[in-house]
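Enquirer: Here you go, one structure.
The numbers here are math on the coordinates, done by the rules we state, and not lab data. The model shown is predicted, which means the values in this text are computed figures rather than measured ones. Every residue, glycine among them, receives a Cβ derived from its backbone with ideal geometry; neighbour counts consider all protein chains shown.
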């Protein structure tokens, strides 16, 4: 995900980044002193914080994979009352339940696959900003160890107002496409290992997005019926990592505000993208009102707080060419294929 608002200057930027350069004496009748001009500030990217957050996200995703995507059970959040009737401490019982099925290999595979997808997504954005010389921060990964996913993805801050229409299109779309390049083969491995004929009690199930449901039907996953969710006990680390990759991609490609899809929509439709964003918001509110659940209520509040409108680029008149028009319109189906409406079903 890219945030096109300018990143905050670091202390070094604020205090030390202006360089004064002496110019040759001007030719005049008076013996004038040399003048100085100030160069533009040389921005320094923060390094330690992105590294620390990346390490924390590695640990967070390993942890939730190790617990087979039920980390809250270690906090006594989910307790099987029939497991040990003589055990009265819910926290201890929850820990014992999880420790029966923990897997170091699952944690490592899930961490490696998911971080590869997210890293590719963010590097797609970052490398494109380097290509166009648009200042951007390193990716800030967001660890969430109490979530079954283990992370909220990552974000890059950039000087979006300095990008023109074509540059913003490339920057916005490069991330999701790069992430999909990794997510699709990871999902293929996960689908090949699925066997939904084996059932076990599960605290939640995953809602399957349309594109993944088609793929599971195409490869004839044992026990799968089109539209069915997949229970937590049936997951493998490749499938879970690929599913999260689709979730992140589909969510970011919604044509709203500062999301990647919002960047693409603005470069295609200009100010008319505002009405497309409101259409998506109204559709989401309607779906929740009709019983789709409140899974995305916090995301909806955040979008409304930021505002559905997209700020103008540095030059909205730059043509994007027929190829970008085709790719851009095609990319509008990504949320339909990748975004699971209910995400996690409890």
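Enquirer: At a 10 angstrom cut-off on C-beta neighbours, averaged per residue, how do the peptides 136-146, 273-283 rank from highest to lowest?
Expert: Numbers: 136-146: 20.2, 273-283: 16.0.
Listed from highest to lowest mean packing, they are 136-146, 273-283.
Enquirer: Debye calculation, C-alpha points only, no solvent: report log10 I(q)/I(0) for the range 143-257 at q = 0.15, 0.16, 0.18 Å⁻¹, in the same order as the q values.
Expert: -0.74, -0.81, -0.97
Enquirer: Cα centroid distance between the range 100-161 and the range 263-338, in Å?
Expert: About 22 Å separates the Cα centre of the range 100-161 from the one of the range 263-338.
Enquirer: Also: Just from the alpha-carbon atoms, what are the Rg and Dmax of the range 297-346 in angstroms?
Expert: Rg and Dmax of the range 297-346, Cα atoms, are 15.8, 48 Å.
Enquirer: For the range 244-311, report the translational diffusion coefficient in µm²/s to the nearest whole number, using Stokes-Einstein at 37 °C, 0.692 mPa s, and a Kirkwood Rh over Cα pairs.
Expert: Working: Rh = 12.2 Å.
It comes out at roughly 270 µm²/s.
Enquirer: What Kirkwood hydrodynamic radius, in Å, does the range 223-278 give when the mean of 1/r is taken over all pairs of distinct Cα atoms and then inverted?
Expert: On the way: mean 1/r = 0.0750 Å⁻¹.
Result for the range 223-278, one decimal place: 13.3 Å.
Enquirer: With no solvent and one point on each alpha carbon, what is the Debye value of log10 I(q)/I(0) for the range 194-323 at q = 0.17, 0.19 Å⁻¹?
Expert: Relative scattering, expressed as log10 I(q)/I(0), comes to -0.98, -1.09.
Enquirer: Length gain on complete extension for the stretch residue 342 to residue 282, per 0.36 nm per residue less the alpha carbon to alpha carbon distance?
Expert: Values: separation 60, 0.36 × 60 = 21.60 nm, distance 1.64 nm.
Gain on stretching residue 342 to residue 282: 20.0 nm.
Enquirer: Is the C-alpha gyration tensor of the range 185-245 telling us rounded, prolate or oblate? Criteria: a/c under 1.5 is rounded; beyond that, a/b larger than b/c is prolate, otherwise oblate. Each step should come with its number before you reach the end.
Expert: Numbers: a/c = 1.38, a/b = 1.19, b/c = 1.16.
Rounded, since a/c falls under 1.5.
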